[in-house]
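Structure first, commentary second.
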Amino acid sequence: MTFIRRTQIMSSERDEEEEQKTLQQHAQLLTELPKALGTFETDLYLYQGMWLYPDAILSIMLMQNHFNHHPTDIFLTSFMKSGTTWLRSLMFTILNRSRFDFSNHPLLRKGPHDCFPVLDLYKPKDYNITNTKPLPSNSPRLFATHFAYKMLPSSITEPSSGCKFVYVCRDPKDVLVSIWHFNIGLRPKELPPLSFEQVFNMFCEGVIEYGPYWDQVLGFWNAALESPDKILFFKYEEMKRDPEVHVKKLAEFMGLPISIQEEESGMVKKIVEFCSFEHLKSLEINKTGSHKANNGNVVPNQSFFRKGEVGDWKCHLTEEMKDRIDRITYDKFKDSGLTLGAAPQ
Ligand code: A3P
């Protein structure tokens, strides 16, 4: 057996041992952490300031211990239901615009959630982010995650890592309404139903998957203020207002600026139209296809495309509910310079 082969086997054995240790720590941790009901099937646990389901806690522990970054990695980060699907499509399309023609594009055959991996649901057995089992190495690699900035391994957040982050946030009232439709739609039928009021209270109290919402947004906002070259901070509402400007900023940030020739050939418009809500929602793959998450859950692609509007909360929230969320948002963000949604009355 060659020296290299023997070293590979030893390092893979070491990785497995390390993973086993993390698994044991995870099992022990679940017996100790504060626990609450989630909107999906599993209980939530408060881990490092964020309410997470057990698989997500295991994933972040493994990531914190084993993630092997490339200096060109780009992470799409967001709170749930803030525009991840849209940004996924845009980032993938921008990155691959010279590889694929729009008439024969991978996004015509697979859903946006299958075009690059999410880091929140890796299981140890197929956990392929360790040294021995790297993810596809086409550069830059794209990943998505909802984890808080402070939870991500310091190897990727420290300035010298070279890694970049795109963050998208959205008015919390629309996020809540979108969560309500998405999470409740996927909640197993054998569980007692949750009312909109219950989910509203869970959201306001911060005890909801990846909550509290405000802490997650502020973490990225503050980091973006500190390192604007490393973190690009977008607002869903501003993207809706002027998608072309955002596509250009995104391309530039990803290190693939739109050239004058591309600009003249209408490339920006083509990307915007191709990734528009109406176009993606109309595709057969997004009407009938599904995304198989790494924890085995199957999510119909159509559930990622509901209305895609700004202000749909007006159809769901009472005046009192609106005021409560706006008040929390105002109080949490008042010293940060960040504004989202309306100021409270
Ligand atoms: P609504 O439920 O308000 O319609 P995420 O992708 O982070 O899970 O967020 C889902 C929200 O983004 C949903 O909002 C969905 O309809 C909307 N969305 C999905 N694709 C979009 C696109 N291409 N453009 C704008 N919004 C989009």
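Annotations
- For segment 299-310, 3J(HN,Hα) computed residue by residue from phi via the Karplus equation (6.51, -1.76, 1.60; θ = phi - 60°) reads 10, x, 4, 5, 6, 7, 10, 9, 10, x, 10, 9 Hz, glycine and proline entered as x.
- Alpha carbon convex hull of segment 57-333, volume per residue in cubic angstrom: 137 Å³
- Average accessible surface for the chain: 48 Å² per residue, computed with a 1.4 Å probe over protein heavy atoms with every protein chain in place.
- By the compact-protein rule of thumb, 2.2 N^0.38 Å, the alpha-carbon radius of gyration of segment 212-288 corresponds to a ratio of 1.34.
- Where the Cα pairs of segment 290-333 fall when distances are cut into 5 Å bins, in %: 5, 17, 14, 13, 13, 12, 16, 9
- Calculated on alpha-carbon atoms, Rg and Dmax of segment 19-106 in Å: 17.7, 53
- With all pairs of different C-alpha atoms in the average, the Kirkwood value for the hydrodynamic radius of segment 143-183 is 12.4 Å.
- Alpha-carbon spread of segment 212-345, three principal axes, descending order, Å: 47, 38, 31
- Protection proxy ranking, peptides 92-99, 44-51, average beta carbon neighbours within 10 Å, highest first: 44-51, 92-99
- Relative contact order (percent, whole number), the chain, Cα cutoff 8 Å, 6+ residue spacing: 22 percent
- By accessible area, using a 1.4 Å probe on protein heavy atoms only, the chain has 53% of its surface on carbon and sulfur.
The values are calculated or read from the model by the stated rules, or taken from the named source; none is laboratory data. Since the model is a prediction, treat every value here as computed from it, not as a measurement. A quick note on method: Cβ atoms are made from the backbone with ideal geometry, for glycine too, and the neighbour counts reach across all protein chains shown. Please note that ligands, DNA and RNA were not included when accessible areas were found on the heavy atoms of the full protein model with its side chains. Shrake-Rupley method; radii C 1.70, N 1.55, O 1.52, S 1.80 Å.
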